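Asker: This is the structure, below, for whatever I ask next.
Computed from the coordinates by the stated procedures, all read-outs in this text should not be read as laboratory data. All of these numbers come straight from a predicted model, not from anything done at the bench. Glycine also receives a Cβ, built like all others from the backbone with ideal geometry; neighbour counts cover every protein chain displayed.
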Amino acid sequence: MPAALEVPALPIAYVRALQLLREPDAEIDQLVRVGNDDPAFAAALIRLANSAESSPLSRVRTIRGAVVRLGIPEARRTIVGVTLKKAFRGVGGSHIDERELWRHLVAVGMLADELAWGRVDYGDAFTAGLLHDIGRLAMAAEDPKRYGQVVLMARNTGDTSAAEHHFFGLTHTDWGGSIGRHWGFPEDIVEAIADHHGGEVNGLSWVLQKARLQASAMGIGDGVLGGGESPDAAAADAPDPVLRKIDSFVHMIQKAA
């Protein structure tokens, strides 16, 4: 019987940051308070607000100024991204290609944002994309040696879920849903995390599943099985601006964390 996993405990600053997921109508003051909780949040917000992507006419120097310039949705997703990176730093010994995993998470978030429609809120889609592999991050951070065995088996068999179940007794989708529920994520995001390979539970899980396929078609792997598919004609129409945006966001959260 594989050894049991424990839901990761979070510092209070990270808990407050993730509580933003339950605040769809968060106000500037709430984001400023969360930004003040950790220097990394403040640095990421100010750096992004002053980046070329934000086309600044003048540089901002305060968290409030950064939030105003970025807007609440962008500021919230920045804080969530930095929180996730800081909470799961220790995956390096797991054989996961960490850079490619983070490109995958950000790509799925950004592509899900574009695919969101109907009752699926675009902000929720981006956030769910960032969080969808939280189970994998948690497994690899808690027991990198055991997850390293998963990676080696998966690269031989092509079946990551089967390898996870063999060594952990559950898959990253199972564990991700459990973590999301324990940490108080909104239920639709919890369900989407648990079903991001199936895309059948709700509209958000469907969006994530499609976004994952698009990311793979752009040549972005998930950090376990290597690169995605060779870019197809549809993905090749305008890959460069999208890839630059993905890499810019990844660089920002890595630098902040």
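Asker: Putting +1 on Lys and Arg Cβ atoms and -1 on Asp and Glu Cβ atoms, find which of GLY176, VAL82, GLN19 reaches farthest to the positive end of the dipole of the chain.
Answerer: Result: VAL82.
Asker: Separate question: Under a point-charge model restricted to the Cβ atoms of Lys and Arg (+1) and Asp and Glu (-1), what is the dipole moment magnitude of the stretch 1-129 relative to its Cα centre, in debye to the nearest 20?
Answerer: Magnitude of the dipole: close to 460 debye.
Asker: While we're here: Give the order of LEU21, LEU152 when sorted by the count of other beta carbons within 10 angstrom, beginning with the fewest.
Answerer: LEU152, LEU21
Asker: Please give, to one decimal in nm, the separation of the simple spin-label points placed at ASN36 and ASP240, each 7 Å out from Cα toward the Cβ.
Answerer: Distance between the two pseudo-spin positions: 4.4 nm.
Asker: To continue, here is another question. Taking a cut-off of 29 Å between Cα atoms, list the lysines near LYS145, but don't count ones fewer than 8 places away on the same chain.
Answerer: LYS85, LYS86, LYS255
Asker: Moving on to the next point. Restricting attention to the stretch 48-100, which trypsin sites (Lys or Arg not before Pro) occupy a DSSP loop and are surrounded by at most 16 other Cβ atoms within 10 Å?
Answerer: Hits after loop and neighbour filter: ARG59, ARG61, ARG89.
Asker: To continue, here is another question. Taking neighbour Cβ counts within 10 Å as the exposure measure, how do LEU10, LEU31 sort from fewest upward?
Answerer: LEU10, LEU31
Asker: Ok, one more. How high is the FRET efficiency from ARG155 to LEU57, r the C-beta distance, R0 51 Å, rounded to 0.05?
Answerer: About 0.60, to the nearest 0.05.
Asker: Diagonalise the Cα gyration tensor of the stretch 67-157 and give the resulting equivalent ellipsoid semi-axes, square root of 5 times each eigenvalue, largest first, whole Å.
Answerer: 28, 15, 9
Asker: Using a Gaussian network model on the chain with a 10 Å cutoff between Cα atoms, which of ILE220, ILE12, ILE28 fluctuates the most?
Answerer: ILE12
Asker: Any number yet on Rg/Rh for the stretch 58-111, C-alpha, Kirkwood?
Answerer: Here the Rg-to-Rh quotient is 1.09.
Asker: Could you tell me what fraction of 2.2 N^0.38 Å the Cα radius of gyration of the stretch 131-193 comes to, as a two-decimal ratio?
Answerer: It is 1.12.
Asker: How charged is the neighbourhood of LEU21? Take every other residue with its Cβ under 13 Å from the Cβ of LEU21, and add Lys/Arg as +1 and Asp/Glu as -1.
Answerer: Neighbourhood net charge equals -1.
Asker: Further, regarding this structure: Taking R0 as 30 Å, what's the FRET efficiency between ASP29 and VAL201 from their Cβ-Cβ distance, rounded to 0.05?
Answerer: 0.30
Asker: Given the C-alpha atoms of the chain, compute the convex hull and give its volume per residue in Å³.
Answerer: Looking at the chain, the number lands at 118 Å³ per residue.
Asker: At a 10 angstrom cut-off on C-beta neighbours, averaged per residue, how do the peptides 242-253, 156-167, 131-142 rank from highest to lowest?
Answerer: With the highest mean Cβ count within 10 Å placed first, the list reads 131-142, 242-253, 156-167.
Asker: Something else now. Taking the Cα centre of the chain as origin and charging only Cβ (+1 Lys, Arg; -1 Asp, Glu), how large is the dipole, in debye to the nearest 20?
Answerer: So the dipole magnitude of the chain works out to roughly 1040 debye.
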